[in-house]
Amino acid sequence: MMILGLVRWMQPVHGYDVRRELLSWSADKWANVQPGSIYHALRKLADEGLLREVSTEQVGARPARTTYAVTAKGEEEFETLLRAQWWQLNEGPDPFAAAFSFLPALPREEAAAALRNRANLLRAGIESMRASLGSEWVRTTKPVHVGWMFELWSARAEADMAWCERIAERIESGVSYLPAGMERAEGWSGWTDCAPPDGTQPDGEDAH
């Protein structure tokens with residue numbers, strides 16, 4: 001959708017300019033658009049009839065540049081994709097959530113320290129976004145809704161940061177990772193305070 005939308009906005013446009021614009025948006029970080037895949041994606045969209053090649057030009061020894069524009073089919077596809085993202089809630093995979101599901105595999109001290117480190121990284125990102133929001137770069141060179149998007153990312157990061165600090169405190173307090181009575185239930189011996197799956201403690205003593 002990002003590439004199709006940018007061609008629609010900037011057409012007729014070279015792939016180089018699409019790539020440069022996406023990188024200026026840092027779309028590789030938040031929209032899963034990798035710089036190396038942009039030219040391939042443009043050719044694929046053209047093969048599917050969503051884009052059309054307007055012209056191809058070559059200057060000196062530089063690689064030939066193809067200029068693209070959106071077709072009527074591409075307009076329809078963009079509208080469909082756009083509204084699907086506006087009216088649906090889509091949550092992508094989160095590697096941290098996968099790692100957090102194995103919380104008991106880490107010593108409590110390390111888990112709490114890792115969460116506080118994550119909170120510090122989030123705090124730095126929030127400060128950077130706030131600085132961008134107050135900068136002339138955003139105020140005078142970007143559409144207003146770009147600032148609104150920064151506000152959304154900042155709010156999400158603030159919630160994540162507060163959660164990290166709260167959970168780190170709970171881990172350090174020694175709260176059990178399992179409900180009362182479940183610690184001795186079959187199949188759960190490896191889910192308490194970094195105990196290995198065989199039920200022995202890290203120092204070699206049997207779990208009780």
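Here are the numbers for this structure:
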| read-out | value |
| --- | --- |
| Single residue of GLU172, GLU127 found to be open to solvent by 90 Å² or more (accessible area, probe 1.4 Å) and touching a residue at least 60 places away in the same chain (Cβ under 8 Å) | GLU172 |
| Any chance ARG52 is at pLDDT 85 or above, open to solvent by 90 Å² or more (accessible area, probe 1.4 Å) and not in a strand (DSSP E or B) | no |
| Answer from LEU152, LEU115, LEU122 - the residue that is aliphatic (A, V, I, L, M), open to solvent by less than 50 Å² (accessible area, probe 1.4 Å) and either touching a Gly at 6+ places or on another chain (Cβ under 7 Å) or within 30 Å of MET1 (Cβ to Cβ) (or both) | LEU122 |
| Test: residue in the range 62-70 that is at pLDDT below 85, basic (Lys, Arg) and loosely packed, with under 13 Cβ neighbours inside 10 Å | yes |
| Residues satisfying the stated conditions in the range 90-107, i.e. open to solvent by less than 70 Å² (accessible area, probe 1.4 Å) and closer than 20 Å to LEU121 by Cβ | GLY92, PHE96, ALA97, ALA98, ALA99, PHE100, LEU103, LEU106 |
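So that you can scan it fast, the table gives a plain yes or no per residue for (1) polar (S, T, N, Q); (2) more than 28 Å from the chain's Cα centre (by Cα):
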| residue | (1), (2) |
| --- | --- |
| ASP47 | no, yes |
| LEU51 | no, no |
| ALA72 | no, yes |
| TRP86 | no, no |
| LEU89 | no, no |
| GLU127 | no, no |
| SER132 | yes, no |
| VAL138 | no, no |
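The values are calculated or read from the model by the stated rules, or taken from the named source; none is laboratory data. All values reported here derive from a predicted model rather than from experimental measurement. Every residue, glycine among them, receives a Cβ derived from its backbone with ideal geometry; neighbour counts consider all protein chains shown. When the accessible area is computed, the model is the full protein with side chains, heavy atoms only, and any ligands, DNA or RNA have been set aside. Shrake-Rupley method; radii C 1.70, N 1.55, O 1.52, S 1.80 Å.
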